[in-house]
Amino acid sequence: MRHSHLRSRSSLSGLIALLNRHALAHRDSLALDEFEQFDTATAQWFWTLSMIVPTISVILAATLPDGLIAVAGMFYGVYGILSPWFYSRRSRQRERLQA
C-alpha cells in the first residue's frame, strides 16, 4: 500500500507523544523536576509534530490528483524546516529556564 511507512511513523510518533503526555500528567508521582517537565513537554511536542506532518502528507497523497501528488512529498519536506526551528526555539527557552 502506498505510503504505509509514513502511516507507521505517524502511529509510532503519536504513541510516543501520548506516553510523554501521560508522564506529564503524572509529574508529581514521578517527581519530575522543572527541567524534566520542560524536556518531557518538548518531547511531547516534537513527537506530535512528527505525527502531524506525515499524516497530512499521506492525506494529500491520497486525495490530490496524480498530477499534484508531488505536493505531498514537498509537504513532507516541511518537517525538515520545522524540526530544527522547533529545537532551536526550545533550546533557547531551556537556557532561559536554567538562568
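Points worth noting:
- Descending Cα extents along the principal axes, the chain, whole Å: 52, 26, 15
- Viscosity 0.890 mPa s, 25 °C: Kirkwood-radius Stokes-Einstein D of the stretch 40-96 over Cα pairs, µm²/s: 197
- With contacts taken as Cα pairs under 8 Å at a separation of at least 6 residues, the chain carries a relative contact order of 30 percent.
- Taken along the Cα-to-beta-carbon direction at a fixed 7 Å, the label points for Leu30 and Gln98 span 2.1 nm.
- Phi-derived couplings, Karplus 6.51 cos²θ - 1.76 cosθ + 1.60 at θ = phi - 60°, listed residue by residue for the stretch 70-85: 4, 4, 4, x, 5, 5, 4, x, 4, 4, x, 8, 5, 4, x, 4 Hz, with x used for Gly and Pro.
- Comparing Gly67, Gly77, Gly14 in a Gaussian network model of the chain (Cα springs below 10 Å), the most mobile by mean-square fluctuation is Gly67.
- Per-residue [θ]222 nm for the chain (sum of -39500 (n - 2.57) over DSSP H runs n ≥ 4, rounded to 500): -28000 deg cm²/dmol
- Largest GNM mean-square fluctuation across Ser13, Ser88, Ser57, computed for the chain with C-alpha springs under 10 Å, falls on Ser88.
Since every read-out is calculated from the coordinates, none of them should be taken as a lab result. Computed from a predicted model, the values in this text were never measured in an experiment. Neighbour counts run over all protein chains shown; Cβ positions are idealised from the backbone, glycine included.
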